[in-house]
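This report concerns only the one structure given below.
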């Protein structure tokens, strides 16, 4: 079973446990019912921002929909294992992101760390949710749109912000980029 189908199955399971219809979840999350149905049927790879909205609407942390195992502390993710730790299935999603969880197996975490690969020419997708984010640029150049302000991050640069403000990321120019992203969402 792919990670993509696990995500969809878990969203459906939590939605049904709460006796919510797809339309109820769409209204509460701000994600269209069509997209929710497509995710639940494993037709669509959810972008991180979409998954964040759905997890909040279901009263769950982001990792609830991505973890498939438990590991004792410390959780160590080897660089060579990142390819196998993709959250959103295999390859890039429709926005040009490949997201790798760095905390799979830690169900009691309070933040969600990721390594995100940004394809050259990928699209910027606005996101807005409760909490805070820390972005660390590893390679390439990344454009951060935060509200009406644009900033360019180069390798070694960081950005820390309140994620309730609309924000998006994309690789600059014709080269891919990679970042670490750490998301904290209070309950």
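Those strands (runs of 3 or more DSSP E) of region 86-187 in which at least 1 residues are at pLDDT 90 or above, considering only elements entirely within it, cover 111-118, 132-139, 141-146, 149-154, 158-162, 167-171, 177-184. Considering only residues of region 31-54 that are free of Cβ contacts under 8 Å to residues at least 60 places away in the same chain and under 20 Å from residue 109 (Cβ atoms), which is nearest to the chain's Cα centre (by Cα)? The residue in question is 51.
Let's see how each residue does on (1) on the phi < 0 side of the Ramachandran plot; (2) outside the structural domain of residue 101 (by TED's automatic domain parsing); (3) touching a strand residue (DSSP E or B) at 6+ places or on another chain (Cβ under 9 Å); (4) surrounded by fewer than 17 Cβ atoms within 10 Å (Cβ to Cβ):
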site: 118; (1), (2), (3), (4): yes, no, yes, no
site: 127; (1), (2), (3), (4): yes, no, yes, no
site: 140; (1), (2), (3), (4): no, no, yes, no
site: 152; (1), (2), (3), (4): yes, no, yes, yes
site: 155; (1), (2), (3), (4): yes, no, yes, yes
site: 161; (1), (2), (3), (4): yes, no, yes, yes
site: 168; (1), (2), (3), (4): yes, no, yes, no
site: 177; (1), (2), (3), (4): yes, no, yes, no
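In region 12-20, is there at least one residue being over 18 Å from residue 60 (Cα atoms) and at pLDDT 90 or above? Checked against the condition, which is being over 18 Å from residue 60 (Cα atoms) and at pLDDT 90 or above, region 12-20 yields no hits at all.
The values are calculated or read from the model by the stated rules, or taken from the named source; none is laboratory data. What you see is a predicted model, and the numbers here were worked out from it, not measured in a lab. Positions of Cβ are generated from backbone atoms using ideal geometry, with glycine treated the same way; all protein chains shown enter the neighbour counts.
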